[in-house]
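Some notes on the structure that comes next.
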Amino acid sequence: MMIDGSVFAGGKLCCCCTALWLLTFTVLSLSQALRNGEELSFASYYGDHMVLQQAPEQAVLWGYGTGDSVLILTLTGELKSQNKAAYVKNGIWRVTLDPVEAGGPYNVTVAQEGNFSAQVTLTDVLFGDVWLCGGQSNMAFTVSQLINATEELAMAARFPHVRIFMAALVQSNTELSDLSGAEVLWSVPTPDLLGGRPFTHFSAVCWLFGRYLQQNLSYPVGLVESCWGGTPVEAWSSRRALQKCGLAAGEDRFPVPHTKMPSFGGSWENSVLWNAMIHPLLNMTIKGAIWYQGEENTNYNLHLYNCTFPAMIDDWRMSFHEGSGGQTAMDFPFGFVQISTYQKNSESEAYPDLRWHQTADYGFAPNPRMKKTFMAVAMDLPDENSPSGSIHPRYKHDVALRLTLGARAMAYGEKNVSFQGPFPAKIWLDQDLINITYNQPVSVSLSQDIFEICYAKKQEFCGSPFAWAYAPIVYREEKSILLSVNWTDMVAAVRYAWRDWPCGLKTCPVYSADHVLPAPPFIVYRWP
């Protein structure tokens with residue numbers, strides 16, 4: 001392991017695209033890290049009340065010590081105990097525990113022997129599944145901002161086995177080995193910790209996802225939040241991942257565009273949040289990750305997102321696998337939210353384009369490019385009256401529920417769990433109609449304008465918005481719908497819900513048969 005200092009920013013901004021606040025922060029530099037090594041300690045993101053990854057994976061613990069000391073790490077609990085010896089090398093010690101089944105509580109004690117004898121104990125440690133929650137402001141959106149915040153906060157005490165941790169907001173131009181601090185240390189949830197000021201305390205999507213999972217699993221769940229509002233995917237990606245998408249190392253500064261979209265102002269650099277808020281976590285053993293981000297990339301590198309996002313997932317998976325000594329799965333499950341809505345009646349195609357690129361242009365997940373992923377469609381959850389702006393809808397319960405269904409299917413292998421909305425299995429012309437047959441039974445409401453057809457002699461002409469015309473739904477069956485066509489020989493493409501704000505709250509025209517999962521947007525061309 002290597003401690004690396006040189007931090008880029010000493011101040012920090014809140015996880016919000018609509019508000020700006022400053023918090024002075026003393027950053028962990030190289031010299032400070034070495035000074036920490038003079039005393040025995042755990043790394044910054046271990047603490048009382050934490051959750052460690054359960055069997056069959058093995059949890060990794062590490063921290064700081066003195067000289068070349070020998071230390072003993074002891075895990076003690078009612079049902080099981082174990083001892084592990086380790087050496088301090090260059091001020092760092094590291095231990096990989098034997099597998100521990102879900103449960104607890106345990107105490108974890110590390111004792112340093114010799115001339116620098118010392119002892120540190122962590123209490124109330126549970127074993128379960130650890131999930132990382134990342135992204136921008138819709139992930140940072142706090143529980144107190146939910147549509148039913150009072151009710152949700154009052155339930156906090158009922159879930160003592162869902163534990164929360166939140167990384168502090170820090171940028172760095174080099175890869176750090178430890179977090180520079182925590183906004184919320186490992187904690188048993190309380191209304192104060194889950195609530196707090198908007199965008200500054202614990203994530204609503206992360207909390208609800210963990211709560212729903214824990215109710216289903218009946219064992220502990222640990223939630224690690226690391227997110228920052230108004231951030232593009234490039235800031236969360238390593239230089240190695242970005243180079244795979246043609247973003248050279250020198251192309252690492254970009255201004256936040258002057259648009260109507262709320263933003264921080266100033267500029268970001270590539271990889272600064274990967275360096276400071278993801279790279280330090282790599283030694284952790286985790287079960288999986290969920291991600292809610294993309295709005296900022298409607299303004300920057302939009303048409304590279306079909307590369308940068310899958311490349312980031314690949315790189316995180318490889319890096320966590322290597323950092324944990326092979327304990328985190330090389331293909332750990334990764335869930336993401338397909339972004340919701342922003343501007344009603346907008347003619348811009350940036351949002352539908354970004355939604356499409358979030359799936360590597362397949363339209364659904366998992367897919368051949370993004371294996372073992374799962375997606376929560378959110379375009380049917382607009383919130384015109386959100387106090388935080390329409391870009392921040394308050395209906396995060398639906399988002400978290402859809403993510404949880406995906407996790408149950410993809411991460412836990414539950415059979416017969418429906419987690420994908422309907423997607424076309426076959427589309428064909430039938431005289432003056434287009435028949436769209438879905439991969440599952442559908443619930444359909446008649447619509448005049450949710451489907452569009454591109455009338456053109458060549459596919460490239462479909463790039464013009466004037467080439468598209470509405471195609472009304474004229475008939476529906478169990479798994480199929482029929483669209484009316486004006487000029488059969490001119491049909492070049494068909495698309496669904498290709499707008500920033502395609503429908504009202506939970507009123508899109510196509511859902512799963514039980515009306516739980518909306519069909520995602522799609523675009524299909526007649527010719528390859």
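The values are calculated or read from the model by the stated rules, or taken from the named source; none is laboratory data. Only a predicted model underlies this, so the values are computations on that prediction, with no experimental measurement involved. Note that each Cβ is placed from the backbone with ideal geometry, even for glycine, and that neighbours are counted across all protein chains shown. Areas reflect the complete protein model, heavy atoms only, side chains present, ligands, DNA and RNA absent. Shrake-Rupley method; radii C 1.70, N 1.55, O 1.52, S 1.80 Å.
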May I have the pair-distance distribution P(r) for the range 78-139, computed from all Cα-Cα distances with 10 Å bins from 0 and rounded to whole percent? 15, 39, 28, 15, 3, 0
Quick one: work out the % antiparallel among DSSP beta bridges in the chain, nearest 5. 70
Find how much the distance from residue 439 to residue 371 grows on full extension, using 0.36 nm per residue of separation minus their present alpha carbon separation; answer in nm with one decimal. 22.6 nm
Tell me the relative contact order for the range 416-528 as a rounded percent, counting alpha carbon contacts under 8 Å between residues six or more apart. 32
Mean Cβ-within-10 Å packing, highest first, puts peptides 220-226, 169-175 in the order 220-226, 169-175
On a 24 Å Cα-Cα criterion, which of the cross-link pairs 80/415; 287/371; 415/479; 372/506; 287/372; 457/479 come out too long? 80/415; 372/506; 457/479
When the C-alpha atoms of the range 377-451 are aligned to their principal axes, what extent does each axis show, in angstrom, from largest down? 48, 37, 15
Hey, any idea what the orientation-averaged projected area of the convex hull of the range 121-168's Cα atoms comes to, in nm²? 4.9
Calculated FRET efficiency for the pair residue 429/residue 514, C-beta based, R₀ 45 Å, to 0.05: 0.90
Relative contact order, percent, the chain [alpha-carbon distance under 8 Å, six or more residues apart]: 12
What does the accessible area per residue of the range 305-356 come to in Å², with a 1.4 Å probe and no ligands, DNA or RNA counted? 30
Mind giving me the nanometre distance, one decimal, between the label points for residue 526 and residue 215, set 7 Å out from Cα along Cα→Cβ? 4.9
Take peptides 507-518, 82-93 and line them up by average Cβ neighbours within 10 Å, highest first, as a rough protection proxy. 507-518, 82-93
For the range 445-491, compute Rh as the Kirkwood radius over C-alpha pairs and then the Stokes-Einstein diffusion coefficient at 37 °C and 0.692 mPa s; write the answer in µm²/s, rounded to an integer. 286
Cα-Cα separations in the range 356-402 greater than 13 Å, expressed as whole percent: 61
Under the 7 Å Cα-to-Cβ spin-label approximation, residue 151 and residue 82 lie apart by a distance in nanometres of 4.3
Could you compute how fast the range 400-528 diffuses translationally, taking Rh as the Kirkwood radius over C-alpha pairs and applying Stokes-Einstein at 10 °C with viscosity 1.306 mPa s? Give it in µm² per second. 102
Out of the total accessible area of the range 402-528 (probe 1.4 Å, heavy atoms of protein only), what percent is carbon and sulfur? 52
Whole-Hz ³J(HN,Hα) from phi, Karplus 6.51 cos²θ - 1.76 cosθ + 1.60, for the range 436-443, glycine and proline x: 10, 9, 8, 7, 6, x, 10, 9
Stokes-Einstein D (µm²/s) once Rh is taken as the Kirkwood radius of the chain over alpha-carbon pairs, at 4 °C in 1.567 mPa s: 54
Residue-wise, which Karplus ³J(HN,Hα) couplings in Hz belong to the range 495-508, taking 6.51 cos²θ - 1.76 cosθ + 1.60, θ = phi - 60°, and x for glycine or proline? 9, 10, 6, 8, 9, 4, 10, x, 7, x, 4, 6, 10, 5
Shape call, the range 64-201: gyration tensor on alpha carbons, a/c limit 1.5: oblate
Counting only protein heavy atoms and a 1.4 Å probe, tell me what percentage of the range 129-254's accessible area is made up of carbon and sulfur. 51
Accessible carbon and sulfur surface of the range 75-121 relative to its total accessible area, %, 1.4 Å: 45
Leaving out ligands and nucleic acids, and using a 1.4 Å probe, what accessible area per residue does the range 58-153 come to in Å²? 40
Take the alpha carbon atoms of the range 192-226, find their center, do the same for the range 394-451, and report the distance between the two centers in whole angstrom. 27
Kindly report the accessible area of the range 431-509 per residue (heavy atoms of protein chains, probe 1.4 Å, no ligands, DNA or RNA), in Å². 48
By how many nm would the segment from residue 119 to residue 344 lengthen if fully extended, with 0.36 nm per residue of separation less the alpha-carbon distance? 75.1 nm
Mean ellipticity per residue at 222 nm, deg cm²/dmol - from DSSP H runs of n ≥ 4 across the chain, formula -39500 (n - 2.57): -4500 deg cm²/dmol
Using only the Cα atoms of the range 277-388, what semi-axes does the equivalent ellipsoid have when each is the square root of 5 times a gyration tensor eigenvalue? Give whole Å, largest first. 29, 15, 13
For residue 447, other-chain or 5+-apart residues with amide H closer than 5 Å (H placed, Pro excluded) are 473
Size of charge dipole - the range 47-146 - debye, nearest 20, with Cβ of Lys, Arg +1 and Asp, Glu -1, no other charges: 240
So how much slack lies between residue 484 and residue 458, counting 0.36 nm per residue of separation and subtracting their Cα-Cα distance, in nm? 7.3 nm
In nm, the gap between the two label points placed 7 Å beyond Cα toward Cβ at residue 107 and residue 385 is 5.4
